[in-house]
Structure formats: C-alpha cells, structure tokens
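First up is the structure itself, then whatever we jot down about it.
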Amino acid sequence: MELIRLEDVEFSYGDRPVLRGVNLGVQENLVTVLVGPSGSGKSTVLRLIAGFEAPNRGCLSIGDQVVATGSRVFKTPESRGVSMVFQDLALWPHMTVGQTLEFVLGRDVARRERRSRITETLAALGLDERVGARPAELSGGERQRLALARALVTRPRIVLMDEPLANLDPPLRLALLDEIRNLGRRFALTIIYVTHNQQEAFSLGDHAAVLHEGRIEQAGSPRELYERPSTAFVASFLGRCALLPGKFHDGHVETALGMLSGADGDATREDIAVVIRPEDVCIDADGPFNGRVEYVTCLGGTFETTITGPGWRLWALTRDEPRLGSSLRFAVKKTVTVPS
C-alpha cells in the first residue's frame with residue numbers, strides 16, 4: 001500500500017527549477033531508494049516530504065491526508081510523523097547519548113515511556129553501553145548510530161535518510177546498511193534513502209527511483225532498473241555498460257560490433273542504443289566476435305577487461321588476467337535496447 005504520494009510536484013529555488021513534474025509513490029514498510037547524480041533533486045524530494053519546503057505546484061500526500069499543495073495546503077513538519085537523518089548528522093556536541101534522546105522526546109512523553117523507548121532504541125543500535133558518552137567520544141559508526149537512534153526514538157512512521165553513510169569507510173558502510181534494513185523491519189518503518197551510490201541502492205532498496213535533472217527517469221525494483229533500463233542515462237548510471245548505437249534489422253540489431261540477436265526493446269524505433277553489461281560478455285574461443293585487450297582492472301576475485309574494436313568498446317569479467325594487447329574472441333549473451 002502507498003503511504004506517500006507525490007503528484008506532478010514542481011519546486012524551484014528562486015528562478016532555478018529543481019523538480020519538474022515529479023510523480024512518485026512510496027510503499028508502506030519498505031525501503032525506497034532515490035538515486036541520481038548530485039543536483040538531480042533527490043534531497044529536495046526529502047525536504048518536501050519532511051515539510052522543510054513547500055512545492056510550487058502539485059500535491060504531496062501522506063496516508064489519506066494531503067500535507068502540501070502548490071498554494072492552498074501546508075501541514076507543519078511536526079504533524080507529519082516523519083524523522084530525518086542528515087548527511088552531516090547534526091549531533092549536539094554538548095549532550096550525551098542519553099541526553100540527546102531525552103531532549104528529542106521532550107516532556108510530552110511520560111517519563112516511564114521515555115525510559116522504555118530510549119532503552120529499546122539504544123539496545124537495538126548497540127549503544128546501550130555508551131549512554132553517557134558525548135559525540136566527540138564516539139567512533140564514526142557510533143555517531144552514525146546515534147543519529148539513527150535520534151530519528152527512531154520518536155517512533156515515526158517515516159524515516160528520511162539523506163546520504164547518511166557517505167563519509168564512512170566501505171566495510172562500516174556495508175555493516176550499517178544491514179542494520180538500517182533490519183531496523184526498518186523491526187520498527188515497521190517506511191524508509192526513503194537518498195544516495196548516488198549504486199551499491200547502496202542495490203543492497204538496501206526494495207524499490208528505487210532514478211532522478212535526473214529534476215525528473216524521475218525510471219522507477220521499479222533495483223534489479224528491474226539494472227536489467228531493463230528505459231533510457232541510456234539509467235543504464236549507464238546504474239553500472240558499467242557499453243552503449244552501442246544500432247538499428248533493428250530482421251529481428252536483429254546492427255551495430256559497429258556486428259549483428260546482435262535477441263535484443264529486447266522497441267523494434268519500431270530507429271534511434272536506439274544497445275546496452276551490453278560486462279557480465280553478459282562471455283570469453284569464448286569459438287565466439288562470433290573478436291577484439292583487442294586494451295586494459296585490465298583487478299576487482300579482487302575477477303578482472304574487468306576492456307575490449308576494443310573498430311568503433312566500439314565494451315567490458316568483460318574474466319577469472320584469469322588477459323594479456324594486454326592480445327586478441328580475445330567472445331560472445332554476447334544478452335542485450336537490451338534503449339532510446340539513444
């Protein structure tokens with residue numbers, strides 16, 4: 001069921017358009033990831049949902065209540081049941097962990113209920129033994145957990161996260177992604193998570209939307225966006241791929257590489273590009289295509305090999321390290337076409 005709905009939402013800072021007719025539905029109790037380059041409008045969507053900004057045009061609903069329209073309706077942030085985790089964390093340096101959560105809850109929550117919520121939240125985030133520590137005494141991961149605890153202790157329906165893990169080392173970031181996913185399930189949260197990191201989008205999101213220049217290019221499951229992109233931008237933003245201009249011809253696609261069969265796309269279009277992912281390139285001594293090894297990058301257990309030929313370049317994943325300058329024969333397992 002949809003908990004949040006944006007319909008034809010537009011927003012500008014002065015005369016600079018930021019969002020241009022955004023339509024987005026956010027499912028209840030799931031993680032929706034907003035992904036896109038810097039300046040695409042991701043953080044602005046969060047600020048509109050939180051109530052920090054009002055749309056210039058369009059309608060924003062939470063549950064069965066309209067919380068903002070372009071001119072007539074605006075519900076205050078505190079009335080929306082929303083908490084937000086910022087990239088810079090914005091922790092209060094003079095307050096301990098316990099004092100921070102006490103302050104957030106305030107006197108409107110009964111003392112016994114406050115203590116119960118704080119105890120449960122700190123235990124869930126592994127901070128129960130750090131209740132007396134101030135932010136300067138916490139590690140980077142603990143500070144991040146405190147920011148999450150501050151958002152969760154009010155028991156919101158919705159948690160908005162604006163690139164909260166961007167400044168952490170990769171191993172810690174991966175560990176906290178698991179924690180965020182588990183916390184969402186434990187507290188029955190609806191989470192909207194903003195990132196420009198493809199790995200975070202794929203590992204965390206139940207649903208994802210790709211923003212580009214203030215518009216949503218495509219929305220769906222992360223796997224759907226990766227395997228069946230609707231535009232060249234979505235294909236290239238969500239991972240390494242070759243984009244080869246092509247034309248449909250008798251059920252095949254003619255490209256600089258040669259004729260490719262089994263391409264998935266609109267055969268009535270003339271302006272198309274073929275998307276070829278590295279995992280869909282198979283090194284095969286009997287393969288129909290031949291190219292030169294231009295570059296090899298070690299990825300740990302595999303190598304990413306750049307293969308070139310007249311008018312084309314693509315990438316393959318190989319277990320063994322090819323020799324630079326050597327020739328490789330290969331086949332292409334699967335292709336998808338997008339408008340060029």
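Summary table
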read-out: Unmet criterion (only one of (1) of a type in the set (A, V, I, L, M, F, W, C); (2) closer than 28 Å to residue 64 by Cβ; (3) in contact with a Gly (Cβ under 9 Å, 6 or more places away or on another chain)) for residue 151; value: (3)
read-out: Unique residue being within 17 Å of residue 29 (Cβ to Cβ), surrounded by 18 or more Cβ atoms within 10 Å (Cβ to Cβ) and in contact (Cβ under 8 Å) with a residue 60 or more places away in the chain when the list is 208, 219; value: 208
read-out: Qualifying position, being acidic (Asp, Glu), in contact with a Leu (Cβ under 7 Å, 6 or more places away or on another chain) and surrounded by fewer than 19 Cβ atoms within 10 Å (Cβ to Cβ), among 169, 128, 162; value: 128
read-out: Leading residue by the ranking (nearest to the chain's Cα centre (by Cα)) among those in the stretch 183-228 that are more than 23 Å from residue 12 (Cβ to Cβ) and of a type in the set (Asp, Glu); value: 200
read-out: Output for the stretch 303-320, where each listed residue is modelled with pLDDT of 95 or more, touching a strand residue (DSSP E or B) at 6+ places or on another chain (Cβ under 8 Å) and either outside any strand (DSSP E or B) or among the aliphatic types (A, V, I, L, M) (or both); value: 307, 314, 316, 317
read-out: The stretch 300-316, subset at negative phi and loosely packed, with under 11 Cβ neighbours inside 10 Å, residue farthest from the chain's Cα centre (by Cα); value: 310
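The values are calculated or read from the model by the stated rules, or taken from the named source; none is laboratory data. Just so you know, these numbers come straight off a predicted model, no measurement behind them. All Cβ positions, glycine included, derive from the backbone under ideal geometry; neighbour counts span all protein chains shown.
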